[in-house]
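The block underneath contains the structure these notes are about, expressed in structure tokens.
The values are calculated or read from the model by the stated rules, or taken from the named source; none is laboratory data. Treat the numbers as computed from the prediction; the structure is a model and nothing was measured. Note that we place each Cβ from the backbone using ideal geometry, even for glycine, and neighbour counts take in every protein chain shown. When the accessible area is computed, the model is the full protein with side chains, heavy atoms only, and any ligands, DNA or RNA have been set aside. Shrake-Rupley method; radii C 1.70, N 1.55, O 1.52, S 1.80 Å.
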Amino acid sequence: MAEPYLVVEHLTKVYERGQVLALKDVSFTVEKGEFLVVIGLSGSGKSTLLRCINRLVEPTSGRIFLGGVEITRLSAREMRKMRRKIGMIFQQFNLIKRATVMTNVLTGRLGYNPTWRTLLGLFPKEDRELALKNLERVGLSDKAYVRADELSGGQQQRVGIARALMQEPELLLADEPVSALDPATSHSVMQYLEQMNREDGVTVLASLHFLSLARRYGTRIIALKEGRLVFDGPPEAIDDAKFKEIYGEEAEQVEVR
Amino acid sequence: MNGYPDGIVKEPPEWLSRRRLLDALILRLKGAGQRLAIVLLDMLAIGVLWILVSYIISWHVYGVIAYTLVPWWLFGVGVVEAAAVWESFGRSLGHRLARKELRPRQGGKSTLGQRLVYYIAWHITVLPMVGLLASPPWHERLAGLSLVPFSMEGKKPTPWWRTSSGLFMAVFLCAAVAAAVSVTMDKESLTRLFTQAGRTVKFWKALFSPDTSILLPSIRDLVVTIFMAVIATSFAVVVAVPLSFLAARNLMRGPIGRPIYTVLRGAMSIIRSIEPVIWAIIFLVWVTARRAPFAGVLALWVHSIADLTKLYAERLESIDPGLVEAITSTGAGRLQVLRYAVVPQIINPYISFTLYRWDINIRMATVVGVVGGGGIGQRLYFYLKNLAWQQAGTVMILIVILVWAIDYLSARLRAKLA
Ligand SMILES: Nc1ncnc2c1ncn2[C@@H]1O[C@H](COP(=O)(O)OP(=O)(O)O)[C@@H](O)[C@H]1O
Ligand SMILES: [Mg+2]
């Protein structure tokens, strides 16, 4: 049988500063095309887990395989190349605020272009066309030359999605992509992720705050608690008891419609 | 074994445990260092207050300045004892600033007995200093007290005038003001300040009757001053921009980066603390002043480098790491991350700081000129020296106009950038 697409083995992360054990012996696998949702309280290690996969954070120990390649062994140069296939979007959008939407989207192509050209702000014509196409896809074609900080939160996150699309990713990491947005906007953003997952076959790893969103969009859910994996299964398998285990006794389920 | 799972790939498990031993040692040194810093700070505070008080008393009672009123050894013993008492029976200034407090290890409130033991044992631990290296230090262990992060849990707030450090600071401030007043002012000068203003009338008259015959050469010198500032600032930017990256704490990590950061920031703050006038004198001696403006430019240049490096580096330290993460995650290389994640965040502040420094340099260039650094300042000094009030007044008016104009211009530009 073929290896799963993403394999995380005994992943442990200790932050030097403060000796925080952020991830403790986390193991799971993801098949190609899955929409995996990571849930857990804040501080449970969701961000750390996602950042270990593209090595924005260096794991302390453990191994990660992506498409058969051991990511945790790659040199810095090889890792940069690998990152091109791993898109990422963020809770705070992380756009260049003073630059245009176009420039922001084009940064998704940095890994594919020679350094000297991009330093001058030059991108090939095909990239510019692709950028317009992707902006159209997220419904922002008329905003291409607007400054990024003039957009609303939901629009900024869609720019973030377009930037990730530019990488033509196989894997998308989404770190609480809708936590800074209101419920209605949340759904629109989540639907773009769902579309990427279904239509482009992008494997998605998204951390979400609300269980209702996780149930609605995830094909599978894993849960972290204090850095340990405490649940791995289909959305239906999270019952009241499981919920209390993940979120603590006092938690109440909140719906996002 | 050590709480970590097996299957460690990069390092063998011993590495972690050895690292932990090292960490424990470092922690201990840090603990000792912090306690020592607290003690030294308390002693310093008490010592300075003592000196201030004796300053005031000796000045008013004996008409001379005496530092301690008592022999130096007595002063030393007094300061040490006062610090010991303060730390043992109250919450000292050092503890406050370090956000620490002494709490019984068993919980509850500390008893007077415990505090007494702490006070006596303090002498055998803190004074020879070795006892501080134990963890916990001997005096804390003997008294059953431990130094823990301060917490208001289960306590009511105390108004500042009922805390020892609050009272101390109040007394300290009063003493400092009183000492400053008694040393710099006396009755006679104060009465003159309010009655003898008329004596300056002649002087003012001369200042405000400009001598137009020196207008042209003065304006030429004014232009020299502007050029001094422009050249010093631009060449300082060329050096300070790259240096700022080496002086930013968040960029300089690890065993090579951190020392570079420390040395650079230290050097910059030393250079900055030496006034441009002093630098001008140094360079006047160095380049033997055939062309005086050059010495002035060098002085401004050196001082601007240090100042701008610090301002730039602080800005770099406060950039949003999120954007760096985002650009890195696209597979961008180091230079690309710099260009697309760092530069957009720093470019406007950098320009703004540069304008600000240019503004300062124009004013500094006149001051530097006074010691012979060239430009309008040198001309002003020449007239003042020769008691040519009328000409000095002309130059001063020109300087005021220039400084005002530059100030206005740079403020407008900076407002645009914000
Ligand atoms: N750069 C860091 N340095 C030290 N500790 C960190 C750092 N980033 C995160 N942590 C700690 O690691 C733990 C997990 O954090 P995180 O992965 O951000 O959790 P989540 O995304 O689920 O809120 C937290 O206790 C947090 O304080
Ligand atoms: Mg997080």
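Yes/no matrix, rows are residues, columns are (1) within 14 Å of another protein chain (Cβ to nearest Cβ); (2) open to solvent by 50 Å² or more (accessible area, probe 1.4 Å):
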position	(1), (2)
B:VAL324	yes, no
B:SER329	yes, no
B:TYR340	yes, no
B:PRO344	yes, no
B:GLY369	no, no
B:LEU384	no, yes
B:TRP389	no, yes
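Filtered by the rule that a residue be away from ligand 1 (no atom under 11 Å from the Cβ) and in contact with a strand residue (DSSP E or B) (Cβ under 8 Å, 6 or more places away or on another chain), segment A:1-23 gives A:GLU3, A:PRO4, A:TYR5, A:LEU6, A:VAL7, A:VAL8, A:GLU9, A:HIS10, A:LEU11, A:THR12.
Counting only helices (runs of 4 or more DSSP H) that sit wholly inside segment B:301-379, those with at least 3 residues that are charged (D, E, K, R) are B:343-368.
Within segment A:104-140, restricting attention to residues that are of a type in the set (S, T, N, Q) and in contact (Cβ under 8 Å) with a residue 40 or more places away in the chain, the residue that is nearest to A:SER152 (Cα to Cα) is A:ASN104.
Restricting A:ASN113, A:ASN94 to residues that are facing chain B (nearest Cβ under 8 Å) and either surrounded by fewer than 19 Cβ atoms within 10 Å (Cβ to Cβ) or within 16 Å of ligand 2 (Cβ to nearest atom) (or both) narrows the list to A:ASN94. Of B:PRO128, B:PRO137, all but one fail to be under 20 Å from B:LEU29 (Cα atoms) and touching a residue at least 60 places away in the same chain (Cβ under 8 Å); the exception is B:PRO137. A residue that is among the hydrophobic types (A, V, I, L, M, F, W, C), away from ligand 2 (no atom under 16 Å from the Cβ), modelled with pLDDT of 95 or more and under 12 Å from the mean Cα position of the chain (by Cα) can be found somewhere in segment A:149-164.
Residue selection: A:GLY154 satisfies the criterion of being open to solvent by less than 10 Å² (accessible area, probe 1.4 Å), farther than 22 Å from A:ASN54 by Cβ and out of contact with any Cys (no Cβ under 7 Å at 6 or more places or on another chain). Condition test on A:LEU181, is it closer than 21 Å to A:TYR217 by Cα and either over 13 Å from the mean Cα position of the chain (by Cα) or within 11 Å of chain B (Cβ to nearest Cβ) (or both)? Judged against the criteria, A:LEU181 is a match. Looking across segment A:62-77, the residues that are within 11 Å of chain B (Cβ to nearest Cβ) and open to solvent by 50 Å² or more (accessible area, probe 1.4 Å) come down to A:ARG63, A:ARG73, A:ALA76, A:ARG77.
Residues in segment A:30-73 that are small (Gly, Ala, Ser), closer than 16 Å to A:VAL20 by Cα and more than 15 Å from ligand 2 (Cβ to nearest atom): A:SER61 only. Any idea which residue in segment A:18-29 is nearest to ligand 2 (Cβ to nearest atom), counting only those that are under 25 Å from A:SER75 (Cβ atoms) and more than 10 Å from chain B (Cβ to nearest Cβ)? Filtering segment A:18-29 for residues that are under 25 Å from A:SER75 (Cβ atoms) and more than 10 Å from chain B (Cβ to nearest Cβ), the one nearest to ligand 2 (Cβ to nearest atom) comes out as A:ALA22. Of all residues in segment A:32-49, those that are within 6 Å of ligand 1 (Cβ to nearest atom) have Cβ atoms under 8 Å from Cβ atoms of residues that are of a type in the set (Val, Ile, Thr), 6 or more apart or on another chain, in A:GLY40/A:ILE246; A:GLY45/A:VAL26; A:LYS46/A:VAL38; A:LYS46/A:ILE39; A:THR48/A:VAL57. Examine segment B:166-188 for a residue that is touching a strand residue (DSSP E or B) at 6+ places or on another chain (Cβ under 9 Å) and under 25 Å from B:PRO104 (Cβ atoms), and state whether such a residue exists. Checked segment B:166-188: no residue is touching a strand residue (DSSP E or B) at 6+ places or on another chain (Cβ under 9 Å) and under 25 Å from B:PRO104 (Cβ atoms).
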